[in-house]
Amino acid sequence: MKRIRLLLMLVVFTGFAGLSVAQEFTNYISCKVDGKEYKAEARRVKIPVRGFEYLGIASFQVSPDVQVWIRLYYFSDSLKPGTYQIFDEENLESESKKKADRAMVWALVDYSEETKGLGHAFHDGESLSGTVTIDKVSPTSIEGSFEATLRGVYYKKRAVATMTGSGIKANLEKKAFTKAGAGMWVNGGPHDHDNTRKSNETDTIILSDGRFFVDWSKPEKEEQE
């Protein structure tokens, strides 16, 4: 009898283990955010960019909304495996003009976390320094790792938006459209928070042990199912 019970327990455990593996994200970004584990489903971000070739991937965790973005700007027709420096977005244009190397790649890594539900406030990490390493890249996929130090900033809901409820309404509408929160697909940027203002409070956010893999070979409709 004990042996039968043991076998049944093993079968149940194996079933749960298999379920856990099945729930792993195929496309993902993972890292430690100030030492706390983070992993979420990711996909390619399509944003029109002038003057550069562009590849962006972003991950989404909902309730609260947490996003990690990796954006790569370059001149050449294709990316190559290698390690690339992370830049401050404000210096991207000036740096690219100074170093008009057609093989140059500029990497940005950003973070956004909703801190008060329904988008009332955000704690963001703006791209600052570190490296992104591309291990494998093809016309329809990318895989690699990253380590990033970000400039921590805080966004607070504007008083008028809070009093009128327009901020909450706008955020809900965006969530209905995006199903990922924070209006990512509507605004097209990791730090575009409508009806908010950036406060003077700053800190530092560390993203360590970062890994990513995204394959966008499937048609867009199939990706969303």
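The values are calculated or read from the model by the stated rules, or taken from the named source; none is laboratory data. Note that the structure is predicted; figures quoted are calculated from it, not measured. For neighbour counting, all protein chains shown are included, and Cβ atoms are generated from backbone atoms with ideal geometry for every residue, glycine included.
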Count of region 70-95 residues which are modelled with pLDDT under 85 and among the aliphatic types (A, V, I, L, M): 1
If you scan region 134-144, which residues turn out to be in a strand (DSSP E or B) and either out of contact with any Pro (no Cβ under 7 Å at 6 or more places or on another chain) or not basic (Lys, Arg) (or both)? ILE134, ASP135, VAL137, SER138, SER141, ILE142, GLU143, GLY144
In region 58-100, the residues that are within 26 Å of THR140 (Cβ to Cβ) and acidic (Asp, Glu): ASP77
Mind checking whether some residue in region 47-56 is modelled with pLDDT under 90, in a strand (DSSP E or B) and farther than 18 Å from PRO139 by Cβ? no
Take the residues in region 31-40 that are over 9 Å from the mean Cα position of the chain (by Cα) and either assigned to a strand (DSSP E or B) or among the β-branched types (Val, Ile, Thr) (or both), then tell me which one is farthest from TRP216 (Cα to Cα). LYS36
Considering residues of region 58-69 that are of a type in the set (Val, Ile, Thr) and modelled with pLDDT under 95 only, the residue nearest to GLU113 (Cα to Cα): VAL66
Which residue pairs have Cβ atoms under 6 Å apart, sit 6 or more places apart or on different chains, and have a first residue in region 61-76 that is under 16 Å from GLY152 (Cα atoms) and a second that is acidic (Asp, Glu) and surrounded by 19 or more Cβ atoms within 10 Å (Cβ to Cβ)? VAL66/GLU113; TRP69/ASP110
If we keep only residues of region 24-37 that are free of Cβ contacts under 8 Å to residues at least 40 places away in the same chain and closer than 19 Å to ILE142 by Cα, then the residue surrounded by the most Cβ atoms within 10 Å (Cβ to Cβ) is PHE25
